[in-house]
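Here the structure is laid out as structure tokens; the discussion comes afterwards.
What follows is calculated from the coordinates using simple rules that are stated; it is not laboratory data. Quick caveat: nothing in here was measured; it's all calculated off a predicted structure. For neighbour counting, all protein chains shown are included, and Cβ atoms are generated from backbone atoms with ideal geometry for every residue, glycine included.
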Amino acid sequence: MTAPPRPTLDDAALRLLADPLRARIVELLAVEQLCTCHLVELTGAKQTNISNHLRALRQAGVVTAEPHGRFTYYRLEPSALAPLAEQLSALSAAAEGSQQRRPCP
């Protein structure tokens with residue numbers, strides 16, 4: 001009997017979002033575009049810490065930066081999260097349909 005294909009997850013994306021502060025930044029940017037000063041205020045984190053997390057998110061293509069006067073606003077790129085969302089949905093669907101139990105030796 002052939003086992004059904006197993007859904008896989010993007011390890012890099014999961015590691016990127018596993019950091020609680022980075023995940024919070026993504027949550028906040030899902031609602032509105034914000035600059036670093038807003039993110040510092042909303043999270044209570046230091047500016048350098050926020051900047052480091054934003055750099056990692058930009059390098060991964062999860063957020064984009066747009067200069068606006070003296071400030072730079074960041075916004076979430078939904079298309080960057082869509083593949084991970086699809087992978088998680090596939091995993092959820094596989095778990096719902098699974099009634100298999102592997103016998104112990």
inquiry  = Counting just the Cα atoms, what span does the chain cover along each of its three principal axes? Round to the nearest Å and put the largest first.
reply    = 63, 25, 21
Estimated dipole of the chain in Debye, rounded to 20 [Cβ of Lys and Arg +1, of Asp and Glu -1, Cα centre] = 300
task = Per DSSP H run of n ≥ 4, the term is -39500 (n - 2.57); total these for the chain, divide by its residue number, and report the mean residue ellipticity at 222 nm rounded to 500 deg cm²/dmol.
result = -18000 deg cm²/dmol
task = Can you grab the distance from the C-alpha centre of segment 70-105 to the C-alpha centre of segment 55-69, Å, no decimals?
result = 23
ask   = Counting alpha carbon pairs within less than 8 Å and at least 6 residues apart, what relative contact order, in whole percent, applies to the chain?
value = 31
query = Roughly how many debye, to the nearest 20, is the charge dipole of segment 33-78 about its Cα centre, given +1 on each Lys and Arg Cβ, -1 on each Asp and Glu Cβ, and no other charges?
reply = 120
